[in-house]
Each structure stands twice: as C-alpha cells, then as structure tokens.
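Engineer: Can you keep this structure in mind? I'll have questions shortly.
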Amino acid sequence: MHLAYPAVLAALLFCTGLYGVLARRNAILVLMSVELMLNAVNLNLVAFDVWLRDTLHAGQALTLFTIAIAAAEIGIGLSIVLMVYRNRGTSDVDKLRDTAEGRAADDAASALADKAAHEAAQKAEAAA
C-alpha cells in the first residue's frame, strides 16, 4: 500500500476540520471539527506505523492513547457547552466572548458612554 493515499486523505480531513474550526459559529460544530482533526492525526499515525513496519507498533499504541484523550476531551467540552447554553441561552461562539473577556470591560465601556452622553446633555443645556 502506498503511503500517499492515507496521507492525502488525512490532509483532506485535517483541512476540513480546520475550516470547521475557523468558519463555524456553533460551539458543538467547532468541537466536532476538532475531533475531525484528531482523527486525521490518528490516520497518519497508523499509516506511518504500517509503512515503517514498526515491530512495537508505537503509532497504533499512540493512536489508542489519542482516542482515549479525545473521548475525555469531547465529554468535558460538551458538558461545558451545555452549561454555557443553559446559562446564556446560546452556543454561538461570537456571543460567548463575554465569558473570556469578562463583563467588566463591557460595564466600563457602557459607563464611559453614559458619562459622555451626560456631559453632552449638560453642555447642550448650558448653551441653551
């Protein structure tokens, strides 16, 4: 078997997963795209293990560890997404930026805008 076939398939899977991570807005679809990328890496590990005829089958053993870690990652990731969905009502990644940046930045910006509007109203009253 030629190494090119699984390597090209893995590259296509990885590129599809990368596109899904960069283009999707739904957090669950982003997690699925990450899983697709991990499966592309697993395919490469097994293909190179078979191609090199490794007697210890290190690539296949590493693939099993990667699958176990990916299963734990997807379980924790889905639980986080479900809790965020329950609290926020959305799983849209763009709308969840408040969780990373905190509400302090939004509160400070709105307070600054309110102060500027108040000062503009005072100047307008003084000019009239």
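Please treat every number below as a calculation from the coordinates, not as lab data. What you see is a predicted model, and the numbers here were worked out from it, not measured in a lab. Neighbour counts run over all protein chains shown; Cβ positions are idealised from the backbone, glycine included.
Engineer: Sort out which residues of the range 12-26 are over 13 Å from N44 (Cβ atoms) and in contact (Cβ under 8 Å) with a residue 24 or more places away in the chain, and write them in order of number.
Structural biologist: R24, R25, N26 - these are the residues of the range 12-26 that are over 13 Å from N44 (Cβ atoms) and in contact (Cβ under 8 Å) with a residue 24 or more places away in the chain.
Engineer: Within the range 49-71, work out how many residues are in contact (Cβ under 8 Å) with a residue 24 or more places away in the chain and more than 20 Å from S33 (Cβ to Cβ).
Structural biologist: Selection size over the range 49-71: 2.
The rows are residues; the columns are (1) assigned to a helix (DSSP H, G or I); (2) within 16 Å of the chain's Cα centre (by Cα); (3) surrounded by 18 or more Cβ atoms within 10 Å (Cβ to Cβ).
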{"position": "A11", "(1), (2), (3)": "yes, no, no"}
{"position": "F14", "(1), (2), (3)": "yes, yes, yes"}
{"position": "V30", "(1), (2), (3)": "yes, yes, yes"}
{"position": "E35", "(1), (2), (3)": "yes, yes, no"}
{"position": "A40", "(1), (2), (3)": "yes, no, yes"}
{"position": "I67", "(1), (2), (3)": "yes, no, no"}
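Engineer: Another question, if that's okay. Quick one: L56 ticks every box in (1) surrounded by 13 or more Cβ atoms within 10 Å (Cβ to Cβ); (2) part of a loop (DSSP other than H, G, I, E, B) except a single one, so which number is it?
Structural biologist: (1)
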